[in-house]
Amino acid sequence: MKIYNLSEENSVLNQFVAELRDMDIQQDRMRFRRNIERIGEIMAYEISKTLSYSAKKVQTPLGTATINTYDDRLVIATVFRAGLPLQSGFLHFFDHANCAFVSAFRYYKDMEHRVIDVQIEYIAAPLLNNHTLLLVDPMLATGESMELAWKAFLTKGTPKRLHIACVIASVEGVKHLQKLFQNDDVTLWCAAVDPELNEHKYIVPGLGDAGDLAFGDKL
């Protein structure tokens, strides 16, 4: 698996990540969602450089122009609910892409909230054969939710290429995906990689619960 940590280069993306982490700025829910969208837009641009291109003729009012545009048939998949703003950012750039959705939620199996499990309840996706799949979710903690989402989407076919994109990943989550995907047909894109998980399996320093910060507390 190829890994791109976009925070290793200085760009405006780091400003958006900083605002996502900031406890005071997080109180502005609309700005939180928009910052995730903007990170998705930057990632979409970076991923666009890796797609397959060919020359096409475009008729202008004054003549004909030859322009290289991408040929990949894209599907942008995400995990309810936290992934929706990131998917939206990708769709701003890849506006002809199809969409796919899966619900995956974590729950604690013990009273101390240290042992977690992940459950899939819902999937909606087109056939994925011969498509390039962009699987986007803001947080990559243990990697288990991402793995289950990927396996759920495989029931709709096998894409020819997989890009995984997250805003913040943990080292543990990255290692989990490296074990799962051991070929170069899979690429992981991160806006930042954090060193550890706490006892409740949240990324540290992270930013908190992305779903709650984007859409409100859940019961």
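The values are calculated or read from the model by the stated rules, or taken from the named source; none is laboratory data. In this text the structure is predicted, and so the values were computed from the model without any measurement. Every residue, glycine among them, receives a Cβ derived from its backbone with ideal geometry; neighbour counts consider all protein chains shown. Quick note on the areas: whole protein, heavy atoms, side chains included, nothing else; ligands and nucleic acids left out. Shrake-Rupley method; radii C 1.70, N 1.55, O 1.52, S 1.80 Å.
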Task: Rounded to 10°, Cα long-axis angle of helix 84-93 versus longest principal axis of the chain - done: 20 degrees
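Write out the GluC sites (Glu not before Pro) in the stretch 160-217 meeting two conditions: DSSP loop, and at most 15 other Cβ atoms within 10 Å of their Cβ.
Working: sites: E172, E196, E199; in loops: E199.
Within the stretch 160-217, the qualifying GluC sites (Glu not before Pro) (loop, at most 15 other Cβ atoms within 10 Å) are E199.
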Open item on the list: Which of I39, I123, I203 ends up with the largest GNM mean-square fluctuation for the chain, with Cα atoms connected below 10 Å?
Closed with: I123
Open item on the list: For the pairs K175/K218; K56/K156; K2/K49; K49/K156; K2/K175; K151/K179, flag any whose C-alpha to C-alpha distance is greater than 20 Å.
Closed with: K175/K218; K56/K156; K49/K156
- [ ] Return, for the Cα atoms of the chain, the radius of gyration and Dmax in Å, separated by a comma.
- [x] 17.9, 71
Task: nm² value of the averaged projected area, convex hull over the Cα atoms of the stretch 130-215 - done: 5.9 nm²
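Going by average Cβ neighbours within 10 Å, how do the peptides 32-38, 16-22, 161-167 rank, with the highest at the top? Please list the in-between numbers first.
Details: 32-38: 21.4, 16-22: 18.6, 161-167: 25.9.
Ranking the peptides 32-38, 16-22, 161-167 by packing returns 161-167, 32-38, 16-22.
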- [ ] Relative to the longest principal axis of the C-alpha atoms of the chain, give the angle of the C-alpha long axis of helix 29-48, reported between 0 and 90° and rounded to the nearest 10°.
- [x] 50 degrees
Open item on the list: At 20 °C and a viscosity of 1.002 mPa s, what translational diffusion coefficient does Stokes-Einstein give for the stretch 165-219, taking Rh as the Kirkwood radius over Cα pairs? Give it in µm²/s as a whole number.
Closed with: 171 µm²/s
- [ ] Quantify, in whole percent, the carbon and sulfur part of the accessible surface of the chain (1.4 Å probe; protein heavy atoms only).
- [x] 51 percent
Task: 0 to 90° range, to nearest 10: angle between helix 171-180 axis and the chain longest Cα axis - done: 60 degrees
